[in-house]
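Notes for the one structure printed next.
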Amino acid sequence: MFEQAWHVGTFAKIPVKIHWTFILILVYVASTSFSQGAGYEAIFIEICFVLAMFFCVVLHEFGHALTAQRYGIRTEDIILLPIGGVARLRNMPEKPIQELIIAVMGPMVNIIIAIAVFISLLSLYGIPYFSLDNFQNLDFSNWKGFLPLLMISNIMLVVFNMIPAFPMDGGRVLRALLAMGFGRLKATRIASIVGQIICVFLIIVGLYYEAYTLAIIGVFIFLNATQEYKSVALDSVLKNKTIQDCYRKDFHSFTDYTTVKDAHDFMMHQTNKHFMVINLYGQYCGTVTAKAIKAAYKLNPETRISEIYQPKILSLNSSTSVAHALYALRGQTNLILVTEADAVVGVLDQESVQQLIDLEG
């Protein structure tokens, strides 16, 4: 899902991306306003407002990301989606107080924005401007409603984000508080259950009142709560495990001049999905997958492995943590060369790690 995003800039070494579906919300806003009889100026103002709000969302996510940086935690990127933003932290801190601070710094940014807009309006129009009559008639028919609505929307964003529906900010605050007494895994489990109950409520309300965006957000949060718990449970299982506990000593390598026909014939008698590739000098030079071999075999059985392999080798010592190796397997390579005292002793792939997870329950 996140792969289909456009890179629009980098700040503080954090890439900012916009998912292509973000365009849909602009189209939706414009078409809805047009169908309701709004003029071109009003539609333009409303689109500018949506863009301004999403800029506030980006600042919100930077509140999380920059705070995480202070604790030595990298942020892969910040991605803008139609339903909000996501700061993809490489990991969460082990200390609950640090997670608590990271979680609240996002909403804190929106509070600062709301206060800044309030002060601006106060200096421009004075206290009488903040009458109930003025705020009841706000719309996008002219620019007068822009700043007040921006202030109100930021306040609403804070309130919504602090709902304890894990993994939203409020849910992360809840987990951090629970983790101080119950430990990270149990705290995540409790926060996930609370979050999923709230999400079911949001989905029902959204469907009943035809507020489908609310229902979609509920589904999105529900699924992410489940995934987050699985991730924490996995970290708990792998926390004290090293590659030594799960690497494969029996593995096969193909020379780069092997034909895919020969490789395909060999694969008929075993179940491995990933293979090392050796060059003419007997050196490991890359990896190749069973999937790539099968695809090439259908096109031309005489194709050489050298034409389809991935020329990238990642080697790790057997004392390396499995959690670190798994991160590499998910983003950098599909097969790791395992070494001990600079000698190759085996390989590690996701299937090997999964066997360890199954064994540990």
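Evaluation of Gly72 against the conditions (1) surrounded by 16 or more Cβ atoms within 10 Å (Cβ to Cβ); (2) free of Cβ contacts under 8 Å to residues at least 24 places away in the same chain shows that the sole unmet condition is (1). Quick check: anything in the stretch 142-165 of a type in the set (Lys, Arg), out of contact with any helix residue (DSSP H, G or I) (no Cβ under 7 Å at 6 or more places or on another chain), surrounded by 14 or more Cβ atoms within 10 Å (Cβ to Cβ) and part of a helix (DSSP H, G or I)? Yes, the stretch 142-165 contains a residue that is of a type in the set (Lys, Arg), out of contact with any helix residue (DSSP H, G or I) (no Cβ under 7 Å at 6 or more places or on another chain), surrounded by 14 or more Cβ atoms within 10 Å (Cβ to Cβ) and part of a helix (DSSP H, G or I). Out of (1) surrounded by fewer than 18 Cβ atoms within 10 Å (Cβ to Cβ); (2) free of Cβ contacts under 8 Å to residues at least 40 places away in the same chain; (3) more than 18 Å from the chain's Cα centre (by Cα), the odd one out for Thr213 is which? Condition (2) is where Thr213 drops out. It is to be established whether one or more residues within the stretch 169-190 are hydroxyl-bearing (Ser, Thr, Tyr), touching a helix residue (DSSP H, G or I) at 6+ places or on another chain (Cβ under 9 Å), within 30 Å of His274 (Cβ to Cβ) and at pLDDT below 95. No, every residue in the stretch 169-190 fails to be hydroxyl-bearing (Ser, Thr, Tyr), touching a helix residue (DSSP H, G or I) at 6+ places or on another chain (Cβ under 9 Å), within 30 Å of His274 (Cβ to Cβ) and at pLDDT below 95. Scanning the stretch 34-48 finds no residues that are of a type in the set (S, T, N, Q), in contact (Cβ under 8 Å) with a residue 12 or more places away in the chain, surrounded by fewer than 12 Cβ atoms within 10 Å (Cβ to Cβ) and part of a loop (DSSP other than H, G, I, E, B).
Restricting Gly85, Gly63, Gly39 to residues that are in contact with a Gly (Cβ under 7 Å, 6 or more places away or on another chain) and not assigned by TED's automatic domain parsing to the domain that holds Lys186 narrows the list to Gly63. Evaluation of Asp139 against the conditions (1) at pLDDT 85 or above; (2) of a type in the set (Asp, Glu); (3) not assigned by TED's automatic domain parsing to the domain that holds Ser192 shows that the sole unmet condition is (1). Just to be sure, is Phe62 of a type outside the set (Gly, Ala, Ser), closer than 22 Å to Asn142 by Cβ and in a helix (DSSP H, G or I)? Against the criterion (of a type outside the set (Gly, Ala, Ser), closer than 22 Å to Asn142 by Cβ and in a helix (DSSP H, G or I)), Phe62 does not qualify.
Looking across the stretch 79-102, the residues that are modelled with pLDDT of 95 or more and either within 15 Å of the chain's Cα centre (by Cα) or β-branched (Val, Ile, Thr) (or both) come down to Ile97, Ile101, Ile102. A search for C-beta distances below 8 Å between a residue of the stretch 234-252 that is without any contact (Cβ under 8 Å) to a residue 60 or more places away in the chain and any residue that is exposed (fewer than 14 other Cβ atoms within 10 Å of the Cβ) and not aromatic (Phe, Trp, Tyr), counting only pairs 6+ apart in sequence or on different chains, returns His252/Gln270.
The strands (runs of 3 or more DSSP E) found wholly in the stretch 281-350 and carrying at least 3 residues that are within 34 Å of the chain's Cα centre (by Cα), surrounded by 13 or more Cβ atoms within 10 Å (Cβ to Cβ) and not hydrophobic (A, V, I, L, M, F, W, C) occupy 284-289.
The values are calculated or read from the model by the stated rules, or taken from the named source; none is laboratory data. The model shown is predicted, which means the values in this text are computed figures rather than measured ones. Cβ coordinates were reconstructed from backbone atoms using ideal geometry, including for glycine residues, and neighbour counts include every protein chain displayed.
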